[in-house]
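A short reminder: the numbers here are calculations on the coordinates, not readings from a lab. Fair warning: this is a prediction, and the values are worked out from it, not measured in the lab. Here the Cβ positions follow ideal geometry from the backbone for every residue, glycine too, while neighbour counts run over all protein chains shown.
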Amino acid sequence: MKPADKQAYLEEYELLKKKGKPFFPYAVLKDSAMMLVVVGVIILMSVLLGAEQGPKADPTSTTYVPRPEWYFFFLFELLRVIKPPELVPIATIGIPTICMVLLLLLPFYDRGPERNPIRRPIATTAGCITIAAMAYLSYLGATGGSPTEIDMKVAPQYEAGKEVVAGSGCLACHKLGENGNNGPGPELTHIAQRIPRAAILRSVEIGPGIMPSFRDLPPKKLNELADFLSSLD
Amino acid sequence: MKLDSLIPAPLRKPAKPGASNGAAKGPAPADLKTAPAERPSDAQRLGDRAKDAPADVLAWVDQRTAASGFLTGMLYRKVPKGTNWFYTLGSATLIAFVSQAITGVFLAMFYTPSATQAYASIAHINNDVFLGQLVHGMHKWGSSVMVILVFLHMGRTFFFGAYKYPRELNWVIGVVLLILTMTMAFTGYLLPFDQRSFWASVVGININGTGPVVGPYLSDFLRAGPELGATTLSRFYAIHMLLVPGAIIALIGAHMYLVVKLGTTAPPWLKADKPKVAASVSQLDAGVEGNGAAPPNGASAS
């Protein structure tokens with residue numbers, strides 16, 4: 001913005017301000033009404049929706065769904081959209097960091113004097129696309145499939161392992177045949193073609209990347225799980 | 001003017017310079033009136049003194065802080081023409097934060113940030129404490145409300161171009177407040193210590209760990225040990241209720257100071273009808289704003 005534009009804005013603003021009303025009591029009244037609505041909504045949500053506890057946290061348990069609070073869904077879904085392992089850091093930290101820096105520095109690169117959204121087509125479009133993308137990713141996150149059921153036929157000796165996989169929430173991040181979510185983790189449908197049993201077991205115990213470690217599972221269950229997964233070719 | 005008579009004198013709207021001497025500013029002080037014919041009764045004098053007490057207290061404070069100039073400037077500053085309901089989103093966010101702070105204090109009275117007792121203490125709050133579930137629920141759902149309001153408030157600022165000169169710094173502070181709000185949401189999610197919050201935090205910390213360069217250090221710092229456990233919980237608790245709220249309160253203060261100092265924007269589609277003597281605008285400014293020792297809005301004409 002050129003100095004002349006700045007001066008013009010300040011003069012324009014002074015004129016609009018002079019035609020305005022004093023903050024007290026006019027704006028204060030509006031703000032107070034809004035505040036009452038907000039507190040009312042919070043109390044109403046608390047009364048209607050409550051604050052139920054889930055089952056107690058248990059590092060050795062095998063039944064959980066690692067789902068963030070809904071307003072982090074869009075970040076979590078980003079991991080599903082961007083899957084190749086070498087790109088995961090870009091999805092997890094890269095994109096959010098870049099977005100935050102862009103947001104933080106917004107007034108320093110968007111320096112035009114125009115403020116009307118209709119006459120700032122680039123900014124307005126970018127803003128609308130960002131909102132739509134976040135809303136879409138949040139929607140995907142909210143409608144993700146149940147990660148605790150596996151609907152597929154396996155040989156009887158692998159049934160136990162299938163149950164461990166189902167009960168451990170693997171499908172929250174992995175696709176297995178028609179079940180589960182395709183990402184952030186790699187698809188498991190033909191996992192045995194790609195890595196041997198020992199490597200599967202090691203991955204499950206270490207928890208590479210963003211995957212949680214499952215080393216607290218009882219050894220018997222770990223073995224059943226590895227047996228089942230290494231049968232998928 | 002009825003409202004004015006309810007406001008103690010130091011906080012009353014200052015007279016415009018050049019306005020006639022206080023004709024509309026309530027009765028003149030008692031000592032300027034003609035002396036009463038009879039000496040008032042003790043009860044009457046006591047009553048009069050009691051009536052003056054709030055003004056006296058305020059005057060006493062004002063003499064020592066000189067705050068009334070700032071307060072009257074803040075209260076009676078003009079809000080530009082066209083200010084609509086979109087402009088209440090900032091106050092809405094503020095009250096959501098205040099609600100989180102108050103309910104948080106009450107939850108902290110009963111919550112135990114220990115891996116073995118956290119879950120039971122939440123159950124105790126929900127089942128035994130008077131209004132416990134209501135307050136817990138307000139805190140839980142208040143976080144969603146606050147996140148939504150922060151984003152709406154940011155959207156309004158973005159689409160109205162309100163982050164532009166001279167309010168760039170306030171936008172930066174606002175973005176930092178957004179990041180801090182999300183930090184609050186992330187750290188608060190672990191505290192109930194149920195399965196959902198536990199495993200979501202495991203994944204969340206792992207996600208931080210995949211970041212370039214600082215990622216592993218960040219996740220080590222958050223986890224406070226090789227596994228998510230007791231030390232993680234107390235670390236999240238300290239971040240959630242000491243570190244970040246302190247920063248948020250300080251930054252909200254700075255944010256609101258700048259709002260008062262620079263004024264709220266007018267809707268971007270409004271144009272002022274230029275008066276014929278536009279050249280003298282800056283002189284007019286000096287006249288209107290220059291009514292106190294340190295007019296809070298004075299800098300807008302820099």
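For chain A, what number of Lys pairs, 8 or more residues apart or on separate chains, have alpha-carbon atoms under 27 Å from each other?
Going through chain A pair by pair, I get 25.
Taking H as built 1.01 Å from N, whose amide H comes closer than 5 Å to the amide H of A:K21, not counting residues under 5 places away?
Under 5 Å from the amide H of A:K21 lie the amide H atoms of B:V79, each far enough along the sequence or on another chain.
Within 10 Å of each Cβ in A:128-138, how many Cβ atoms from other chains are there, averaged over the peptide?
Per-residue shielding by partner chains comes out at 1.
How much net charge surrounds A:V154 when only the other residues with a Cβ under 13 Å from the Cβ of A:V154 are counted, with Lys and Arg +1 and Asp and Glu -1?
Taking every other residue near A:V154 into account, the sum is -4.
What helices does chain A hold that run 27 Å or longer along their axis, going by alpha-carbon atoms, with a Kyte-Doolittle average of 1.6 or more, using DSSP H for the helix calls?
Within chain A the helices that satisfy the rule are A:28-49.
Run the helix sum for the protein assembly as shown: -39,500 (n - 2.57) per DSSP H stretch of 4+ residues, divided by residue count, reported at 222 nm to the nearest 500 deg cm²/dmol.
Estimated from H runs of four or more residues: -18000 deg cm²/dmol.
Taking every Cα atom in the stretch A:156-229, find the radius of gyration and the maximum pairwise distance Dmax, and write them in Å.
Radius of gyration, then largest Cα-Cα span, for the stretch A:156-229: 11.2, 32 Å.
For peptide B:72-79, how many partner chain Cβ atoms fall within 10 Å of a residue's Cβ, on average?
Average per residue, whole number: 5.
Can you work out ³J(HN,Hα) from phi for every residue in the stretch B:92-99, in order, using Karplus 6.51 cos²θ - 1.76 cosθ + 1.60 and θ = phi - 60°, giving whole Hz and x for Gly and Pro?
Coupling constants for the stretch B:92-99: 5, 4, 4, 5, 5, 5, 4, 4 Hz.
Given Cβ point charges of +1 (Lys, Arg) and -1 (Asp, Glu) and nothing else, what value in debye, to the nearest 20, does the dipole of the stretch A:156-229 about its Cα centre take?
With Lys and Arg at +1 and Asp and Glu at -1, about 200 debye.
Using mean Cβ contacts within 10 Å as the protection proxy, how do B:84-92, A:168-176 order, highest first?
A:168-176, B:84-92
What shape does the stretch B:87-262 have by the C-alpha gyration tensor, where a ≥ b ≥ c are the square roots of the eigenvalues, rounded means a/c under 1.5, and otherwise prolate means a/b greater than b/c and oblate the rest?
oblate
With θ set to phi - 60°, apply the Karplus curve 6.51 cos²θ - 1.76 cosθ + 1.60 along the stretch A:110-118 and write out the HN-Hα couplings as whole Hz, x wherever there is a Gly or Pro.
With coefficients 6.51, -1.76 and 1.60, one gets 9, 10, x, x, 6, 10, 6, x, 5 Hz.
Which of the aspartates and glutamates could a cross-linker span from B:K164 if the Cα-Cα distance has to be under 19 Å and same-chain partners fewer than 8 positions apart are dropped?
Within the straight-line cut-off, B:K164 pairs with A:D5, A:E11, A:E12, A:E14, A:D110, A:E114.
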